[in-house]
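**Q** Have a look at this one.
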Amino acid sequence: MPRFRFLILTLALMAAAPANAQAWKEYLSREDGFAITFPGDPIIEKTVWTDFNGTPRPARRYNAMRNGSSYALIVADFTDADYNLTRGSFAHATYVYRMKGEVTFDSWNAIDRVDGHQLQIMLDDGNKLFFAAHQHLGRLYILDVTTVPGSAAPIQFIQGMVFLDENGVR
């Protein structure tokens, strides 16, 4: 009987190892002023975000995949932009995302006491896009999650972001 219990315990631990390897991970970027939980280590790519006036802004895209769903955070640098352009950057991002499909949810939103906007969009391919945009300290933050049919809503990712101050602390 003790051998049987040991075998059951060993099998249970072996089965838990792959699940643990897929655990969500806290990611912090002092350079871009945020902390968020990703479903694994994000891939970071330099990109550009085009503002309302058509000016390309330097940006970084943080992306991780899980079970066919894509979890991305785009951070665009508006630190050298006019105040009004910076302040309206999340409204422009919301406009851009509204064009991607049928909007099923559209609301003002706040994360970590930072105002923004949130959308849920049904895409033509049957996937669902969850979007949020916020402007903080001269940066535009775009949360972009595309889920496959049957996936749970990515509330942990969309609502779990923390903004850091100028010194890289909360």
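The values are calculated or read from the model by the stated rules, or taken from the named source; none is laboratory data. Computed from a predicted model, the values in this text were never measured in an experiment. Positions of Cβ are generated from backbone atoms using ideal geometry, with glycine treated the same way; all protein chains shown enter the neighbour counts. Surface areas here come from the heavy atoms of the whole protein model, side chains and all, with no ligands, DNA or RNA. Shrake-Rupley method; radii C 1.70, N 1.55, O 1.52, S 1.80 Å.
**Q** Which of the residues spanning the range 107-156 are among the charged types (D, E, K, R), at pLDDT 95 or above and either more than 16 Å from the chain's Cα centre (by Cα) or within 17 Å of residue 88 (Cβ to Cβ) (or both)?
**A** 124, 125, 139
**Q** Any idea how many residues of the range 54-71 are farther than 14 Å from residue 144 by Cβ and of a type in the set (S, T, N, Q)?
**A** Qualifying residue count, the range 54-71: 2.
**Q** Could you list, in sequence order, all residues of the range 32-69 that are in a strand (DSSP E or B), of a type outside the set (A, V, I, L, M, F, W, C) and open to solvent by 20 Å² or more (accessible area, probe 1.4 Å)? Don't jump to the end; show me each part of the working.
**A** So the first thing to find is which residues in the range 32-69 are in a strand (DSSP E or B), and the list is 34-38, 43-50, 56-66, 69.
From what's left, of a type outside the set (A, V, I, L, M, F, W, C): 37, 45-47, 50, 56-58, 60-63, 66, 69.
Correct list: 37, 45, 46, 47, 50, 56, 57, 58, 60, 61, 63, 66.
**Q** Another one. Being among the charged types (D, E, K, R) and over 18 Å from residue 46 (Cβ atoms) is the filter here; which residues of the range 70-99 pass it?
**A** Applying the first criterion (among the charged types (D, E, K, R)) to the range 70-99 yields 77, 80, 82, 87, 98.
Within the range 70-99, 82, 87, 98 qualify.
**Q** At least 2 residues that are open to solvent by less than 20 Å² (accessible area, probe 1.4 Å) and under 23 Å from residue 38 (Cβ atoms) in each: list the helices (runs of 4 or more DSSP H) lying fully within the range 81-170 that qualify.
**A** Per the criteria, 89-98, 155-159.
**Q** Out of all the residues in the range 35-53, which are farther than 20 Å from residue 156 by Cβ and touching a residue at least 40 places away in the same chain (Cβ under 8 Å)?
**A** 49, 51, 52, listed by residue number.
**Q** Still on this structure, I have one more. Test residue 76 against the stated conditions and say whether it is free of Cβ contacts under 8 Å to residues at least 40 places away in the same chain, under 27 Å from residue 25 (Cα atoms), assigned to a strand (DSSP E or B) and among the aliphatic types (A, V, I, L, M).
**A** No: the conditions fail for residue 76.
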